[in-house]
Every structure is written in C-alpha cells, then in structure tokens.
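One structure is given below, encoded as structure tokens.
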Amino acid sequence: RLIMMDQNEKKLNVAKAAIHYIHNDCLLGMGTGSTINFLIDLLPEIKNKITAVASSSVQTENLLKKNGFEVRPLNQLGMLDLYIDGADEATGNLHLIKGGGGALTREKILAENSNKFICIADETKLVKRLGNFPLPIEVIPMARSFVSREIIKYQGKPVYRENFKTDNGNEIIDIYNLDIIDPIKLENELNQIPGVVTVGIFARRRADVLLIADEQGVEEIYPQ
Ligand code: 5RP
C-alpha cells in the first residue's frame, strides 16, 4: 500500500540529509524557515563538529540558543565553511528565490560569505523558471513607493507586505507576475534601484548543492 508522505516528513528527510555535509571543525551559517528549523533541532547530535555558528535571523538565533548553541557575530568569524538554507523556489540550475520569511538580507550576506552553500527543500519548491512565487525585495521604508514604481517598469505587480518589519528595521515588497528568464540580469538590475536593500533572487551567488526531498528520498542536484 502506498503511504503518501506529508510535506513535513520531506522537510525532515532533507534536513537529515544535510547533516552529512557538516564536517569536523565546521564554521557554519544557518538559514531561516520551517525546513531549516528541522535541521536546527537535529544539530545537537553533531555539536562536537561545529566550531562556531552564525545566524541569518533573530528567529534562527533563538532556536539555536534553545538547542544549546552560542551564536557568534559574523564579523568575528570571517569566511564560513558552510551555509545551509531553504528556499521558496529553486531551479535545476540552482538559482533561487528567497525571502518568503523576510530574512533575505542576512541570508544573502551569509551565503556570499560561505565557501559552500547547500540549499534544502521539498519537491514543491523545484521549478523550471523562477517567478511564480512573488519575489521579495527588502527596501528602506522611505523608498517603498519609489521602488514600487520602478518595479512596474518590469511588468511586475508590487504588493507591500503589511504589518511586517525585517530584523534590520526595513520593509518588504512582494513582486507578483514576474517571469524571470535571466535571474542574474534581473538581480543585478534591481540591485541598482536606490532604496533597494536586497533582492530575493539568489543567482549571482547561487547554491552549490541543492537537496530536494520527494516521496522516493533525497535527490542531490549540482549546477548544470
Ligand atoms: C526566509 C527564506 C526561507 O528560506 C524560505 O522562505 C523557505 O522557508 P520554508 O523552509 O519555511 O519553506 O528565504 O527568508
């Protein structure tokens, strides 16, 4: 009899698979979100391998502390060995959309500051082309309307994320209706708009390994 796995079982399975990438003396960066939360709960098992851990959000920091880890400021650590994070969308080419949880700025800083970036997700996140998930952009509050008008030039539909402030005290605009044909180009262009703090496209620094959990198990995907 076929028993269907629910999404949380897949998230747990992919978190278990990610544990094997954490080597001895690891300077580790941790992402944010429900998938990563499964991994954080498994981390105490391999605590002796982790030299120090940096966090991409207040939420993750609190959960790490609850699990017995002291979180260190990135400025004290330099380049990390490994960064592990989830995604809202991922392509087979390992380009991502992130920021559904609003932690994209610190996530992008950690991803760029790591020698290896592993993205973990269940199969619902795997897409042919980015943009079905509304693209989060963190903006300086006073620039929100200006950035939104600039985005309309790209045929996107900007929606202000109500009652939300990022850990950095900024705001998020979610961009609907984008068909992201060239993720690196769009990431670079949107980055140039004054007032944009971070664009939720992770393509300039894409993931190095994508782990996708489905009914059969966990697939390991490398850039094409
Ligand atoms: C937060 C993120 C998360 O990685 C993304 O939202 C995935 O979260 P989840 O694992 O809960 O689906 O980018 O800013």
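Which residue, ASP88, ASP182, ASP214, tops the fluctuation ranking in a GNM of the chain built on C-alpha contacts under 10 Å? Its mean-square fluctuation being the largest, the pick is ASP182. Seen through its C-alpha gyration tensor, with square-root eigenvalues sorted a ≥ b ≥ c, region 132-171 comes out oblate because a/c lies at 1.5 or above while a/b is not bigger than b/c. Rounded to the nearest 20 debye, the dipole magnitude of the chain is 340 debye, with +1 charges on Lys and Arg beta carbons, -1 on Asp and Glu beta carbons, and the Cα centre as origin. Using 0.36 nm per residue and subtracting the Cα-Cα separation, the extra length available between GLU162 and LYS185 on full extension is 5.4 nm. Hey, which lysines would be in cross-link range of LYS153, C-alpha to C-alpha under 19 Å, not counting anything within fewer than 8 residues on its own chain? Those lysines meeting the cut-off are LYS185. Taking a point 7 Å from the Cα of LYS116 along the Cα-to-Cβ direction, the residues of region 192-221 with backbone N closer than 11 Å to it are 208-209. The GluC sites (Glu not before Pro) of region 91-174 meeting both criteria, a DSSP state outside H, G, I, E and B (loop) and at most 15 other C-beta atoms within 10 angstrom of the site's C-beta, are GLU162. Comparing MET30, MET79, MET142 in a Gaussian network model of the chain where C-alpha atoms under 10 Å apart are linked, the largest mean-square fluctuation is found at MET142.
Considering only ASP41, ASP25, ASP167, the mean-square fluctuation computed in a Gaussian network model of the chain, springs between alpha carbons under 10 angstrom, is largest for ASP25. If you bin all the Cα-Cα distances of region 54-145 at 10 Å, starting from zero, the percentages per bin are 15, 42, 33, 11, 0.
How many percent of the accessible area of the chain is carbon or sulfur, using a 1.4 Å probe? Here it works out to 49 percent.
Accessible surface computed residue by residue for the chain, with neighbouring protein chains in place and a 1.4 Å probe, gives 48 Å² per residue. Charge tally for ILE221 (other residues, Cβ to Cβ under 14 Å; Lys, Arg +1; Asp, Glu -1): -4. Only helices enter this figure: runs of n ≥ 4 DSSP H residues, each worth -39500 (n - 2.57), summed and divided by the residues of the chain, yield -7500 deg cm²/dmol at 222 nm to the nearest 500.
The orientation-averaged projection of the convex hull spanning the C-alpha atoms of region 106-224 amounts to 8.2 square nanometres. Determine by what factor the alpha-carbon radius of gyration of region 159-224 differs from 2.2 N^0.38 Å, reporting the quotient. My calculation over the Cα atoms of region 159-224 gives 1.44. Distance between the 7 Å Cα→Cβ label points at ARG129 and ILE3: 4.0 nm. Convex hull volume per residue, computed on the Cα atoms of region 1-108, equals 125 Å³. Please figure out what share of the DSSP beta bridges in the chain is antiparallel and state it in percent, rounded to the nearest 5. Of the beta bridges lying entirely in the chain, close to 50 percent run antiparallel. Between THR51 and ASP25, the contour length at 0.36 nm per residue exceeds the Cα-Cα span by 8.8 nm. Under the convention that each Lys and Arg Cβ holds +1 and each Asp and Glu Cβ holds -1, the size of the dipole of region 60-178 around its Cα centre is about 260 debye. Multiplying the residue separation of LYS65 and GLU219 by 0.36 nm and subtracting their alpha-carbon distance yields 52.4 nm. Qualifying trypsin sites (Lys or Arg not before Pro) in region 120-167, where qualification requires a DSSP coil assignment and no more than 16 other C-beta atoms within 10 Å, comprise LYS128, ARG129, LYS153, LYS165. For the chain, the Kirkwood hydrodynamic radius from C-alpha pairs, put into Stokes-Einstein at 37 °C and a viscosity of 0.692 mPa s, yields a diffusion coefficient of 185 µm² per second.
The values are calculated or read from the model by the stated rules, or taken from the named source; none is laboratory data. Treat the numbers as computed from the prediction; the structure is a model and nothing was measured. Heads up, the Cβs are rebuilt from the backbone with ideal geometry, glycines too, and the neighbour counts pull from every protein chain shown. Surface accessibility is based on the protein's heavy atoms, side chains included, excluding ligands, DNA and RNA. Shrake-Rupley method; radii C 1.70, N 1.55, O 1.52, S 1.80 Å.
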